[in-house]
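Below you'll find the structure, written out as structure tokens, and then a few comments.
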Amino acid sequence: MQTRPFIQLFKTTSHYYFYDAYVNQISELSAAGYQYLKEHQMIDCFYNEEIAQLYKEGFLHENPILTFQHPATDFVEDLTTRKAGTLVLQITQNCNLRCSYCPYSQSGEKHRHHTNQNMSWETAKKAVDFYYDKSIDADTANISFYGGEPLLQFSLMKAVVAYSKKKFEGKKCVFSITTNATLLTKEIADFLITNEFRLAISLDGDKESNDRNRKFVSQKGSVFEKVIETLQYLYENAPEFAKKINLSMVIDQRKDLKGFLHLFREYPFLNQMQISVSLIEDDYLENEVRESKAFYEEFSYYRFLSYLSVISPLDFTEDLKFFASMKESYKKLVLPFQASAIGKTAIPSGQCIPGNTKVMVTVQGKLFPCEKVSERREDYCIGTLDTGYDYEKIKEILNFSRYTFALCRNCPAFRECTLCFKTHGAGGFSSTATKMKYCALCKQNFVEDLRVRMYFKEMADWKGRG
């Protein structure tokens, strides 16, 4: 019997494996079995005893997927009517910085741009009312302020907070803000502390690294020095509040990591704060971002330390502060896959539910799934405050993988895909080039994670025999 197995082959130093996407399980192979599967796309299920036994156990079956459809497609109205997650208010499109990698700093008709447009009180109030109606069954009201630089509209923020507390009386309100922190005064700090805001503050490494890409509109002064001054003030005057600050760090992979690694030694109080790290994404930029050799070598070294810290008693806490999230992701790889067969109708993982997970309201009152997509793309607009949700658009976004069905259907990383619709970039759904670039990286990370999983298992087996 001939079949085309839905698998990903990989190996560690001394063992051979395949991941079976049909049943979501990993199985070990002999060297001969590995070589046979590597050389044949179509296999004879009874080629030899090993292959026959694996087939009998439920492995090496063909991919049954015939159509893509997100399981929430038929329930989007229910999911977006009473339990909305987070309201993101784009209260301004203006900013006092001009960061080189910021999507708003690019030219071209498809790109987002800084403007002098601000959200009116009427739109903000209408947005809170809209969110109130859509989150009746939610335990918490989560309201986030976004820009541009939202502190340029501090008076509007204060009005929204006061109105929201009254509107959601009896329910906990959680407020958050994404800010560059350069406009944060004592008055603003006191307000944020009093209202228990969650802060995401941008800081891209040491002074040289940060100020290379993050600059004031005037091009004068150091953004880094202002942000460090603000962070130090918050830590010294409200240490418990400061510990909840999330330092949002964007790594310029065209350079190296030295400026980031030295930062926490030079300013020890930063070690008390939370950290999220990302690389410069170029899906909305004019030029492609290519990583340097120095970055690749340093990043690979610290990835190895992250891996080693999970399987050994060695403590790399200081060295790995910057890579805490990477270490946590490796910890998850100790957990086994949950066995389950895939059906004829499925969808790659990675997509949230627009209007349920988040809804962003622009300065004009348009609705978008989140703050990470371009509000200049009508493909991504899911309605307006006046007309409500466009459920056909939400369904289209939920099932965006249909645009690349032929490429996605047979991908072994199908269940572990991390791509959402924003990876289509500035070109929208009509363009797949940007998505395919991220797709290649996603597959690469998937295979690396498979290896790490089995390295962990091999180490545990080795310890057990000892």
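The values are calculated or read from the model by the stated rules, or taken from the named source; none is laboratory data. Owing to the predicted nature of the structure, the values given are computational and were not obtained by experimental measurement. Using ideal geometry, Cβ is built from the backbone for each residue, glycine included, and neighbour counts are taken over all protein chains shown. We work out accessible area using only protein heavy atoms, side chains counted, and drop any ligands, DNA or RNA first. Shrake-Rupley method; radii C 1.70, N 1.55, O 1.52, S 1.80 Å.
Go over the candidates Gly365, Gly350 one by one and state the one that is open to solvent by 10 Å² or more (accessible area, probe 1.4 Å) and touching a residue at least 24 places away in the same chain (Cβ under 8 Å).
So the residue among Gly365, Gly350 that is open to solvent by 10 Å² or more (accessible area, probe 1.4 Å) and touching a residue at least 24 places away in the same chain (Cβ under 8 Å) is Gly350.
Could you list all residues from region 194-207 that are surrounded by fewer than 19 Cβ atoms within 10 Å (Cβ to Cβ) and either under 21 Å from the mean Cα position of the chain (by Cα) or within 17 Å of Ile143 (Cβ to Cβ) (or both)?
Matches in region 194-207: Thr194, Asn195, Glu196, Arg198, Ala200.
Filter region 277-299 down to the residues that are open to solvent by 80 Å² or more (accessible area, probe 1.4 Å) and outside any helix (DSSP H, G or I), then identify the one that is modelled with the lowest pLDDT.
From region 277-299, those open to solvent by 80 Å² or more (accessible area, probe 1.4 Å) are 281, 286-288, 290-291, 293, 296-297; that's our starting set.
If we keep only those that are outside any helix (DSSP H, G or I) too, we end up with 281, 286-288, 290-291.
Working: Glu281: 76, Glu286: 67, Asn287: 72, Glu288: 74, Arg290: 83, Glu291: 85.
Checked region 277-299; the qualifying residue modelled with the lowest pLDDT is Glu286.
Within region 222-232, can one find any residue that is closer than 24 Å to Thr362 by Cβ, crowded, with 17+ Cβ neighbours inside 10 Å and modelled with pLDDT of 95 or more?
Scanning region 222-232 turns up no residue that is closer than 24 Å to Thr362 by Cβ, crowded, with 17+ Cβ neighbours inside 10 Å and modelled with pLDDT of 95 or more.
Restricting attention to region 81-93, does a residue exist that is open to solvent by 70 Å² or more (accessible area, probe 1.4 Å) and out of contact with any strand residue (DSSP E or B) (no Cβ under 9 Å at 6 or more places or on another chain)?
The answer is yes; a qualifying residue exists.
So for region 120-134 (the condition being exposed (fewer than 13 other Cβ atoms within 10 Å of the Cβ), in contact with a Lys or Arg (Cβ under 9 Å, 6 or more places away or on another chain) and either farther than 29 Å from Val76 by Cα or without any contact (Cβ under 8 Å) to a residue 60 or more places away in the chain (or both)), does at least one residue qualify?
yes
If you go through region 338-346 one residue at a time, do you hit one that is modelled with pLDDT of 85 or more, open to solvent by 40 Å² or more (accessible area, probe 1.4 Å), in contact with a strand residue (DSSP E or B) (Cβ under 8 Å, 6 or more places away or on another chain) and not basic (Lys, Arg)? Steps first, please.
Of the residues in region 338-346, the ones modelled with pLDDT of 85 or more are 338-346.
Checking which are open to solvent by 40 Å² or more (accessible area, probe 1.4 Å) leaves us with 338-341, 344-345.
So of that shortlist, the ones also in contact with a strand residue (DSSP E or B) (Cβ under 8 Å, 6 or more places away or on another chain) come out as 339, 344-345.
Next, from what is left, pick out any that are not basic (Lys, Arg): 339, 345.
Yes; the residues of region 338-346 include at least one that is modelled with pLDDT of 85 or more, open to solvent by 40 Å² or more (accessible area, probe 1.4 Å), in contact with a strand residue (DSSP E or B) (Cβ under 8 Å, 6 or more places away or on another chain) and not basic (Lys, Arg).
Failed condition for Val88, given (1) within 26 Å of Ser176 (Cβ to Cβ); (2) at pLDDT below 95, with all others met?
For Val88, the failing item is (2).
From the list Leu54, Leu97, pick out the single residue that is hydrophobic (A, V, I, L, M, F, W, C) and either in contact with a Pro (Cβ under 6 Å, 6 or more places away or on another chain) or over 17 Å from Tyr22 (Cβ atoms) (or both).
Working: Leu54 fails: either in contact with a Pro (Cβ under 6 Å, 6 or more places away or on another chain) or over 17 Å from Tyr22 (Cβ atoms) (or both).
Leu97 is the lone residue from the list that is hydrophobic (A, V, I, L, M, F, W, C) and either in contact with a Pro (Cβ under 6 Å, 6 or more places away or on another chain) or over 17 Å from Tyr22 (Cβ atoms) (or both).
Would you check if Ile177 is open to solvent by less than 10 Å² (accessible area, probe 1.4 Å), aliphatic (A, V, I, L, M) and in contact (Cβ under 8 Å) with a residue 24 or more places away in the chain?
Taking the combined requirement at face value, the residue satisfies it.
In region 264-276, is there at least one residue being closer than 22 Å to Cys442 by Cα and open to solvent by 30 Å² or more (accessible area, probe 1.4 Å)?
Filtering region 264-276 down to residues closer than 22 Å to Cys442 by Cα leaves 276.
Now narrow it down to the ones that are open to solvent by 30 Å² or more (accessible area, probe 1.4 Å): 276.
There is at least one residue in region 264-276 that is closer than 22 Å to Cys442 by Cα and open to solvent by 30 Å² or more (accessible area, probe 1.4 Å).
Table: residues versus (1) modelled with pLDDT of 95 or more; (2) within 18 Å of the chain's Cα centre (by Cα); (3) in the same structural domain as Phe304 (by TED's automatic domain parsing).
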site: Phe368; (1), (2), (3): yes, yes, no
site: Glu378; (1), (2), (3): no, no, no
site: Asp390; (1), (2), (3): yes, no, no
site: Glu396; (1), (2), (3): no, no, no
site: Tyr403; (1), (2), (3): no, no, no
site: Thr434; (1), (2), (3): no, yes, no
site: Asn445; (1), (2), (3): no, yes, no
site: Asp449; (1), (2), (3): no, yes, no
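Do you know which of the residues in region 9-67 that are of a type in the set (Ser, Thr, Tyr), farther than 19 Å from Lys457 by Cα and in a loop (DSSP other than H, G, I, E, B) is most open to solvent (accessible area, probe 1.4 Å)?
Taking the candidates together, the pick is Tyr47.
Matching residues to (1) within 24 Å of the chain's Cα centre (by Cα); (2) closer than 26 Å to Lys443 by Cβ:
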site	(1), (2)
Leu9	no, yes
Ile51	no, yes
His61	no, yes
Asp74	no, no
Leu79	yes, no
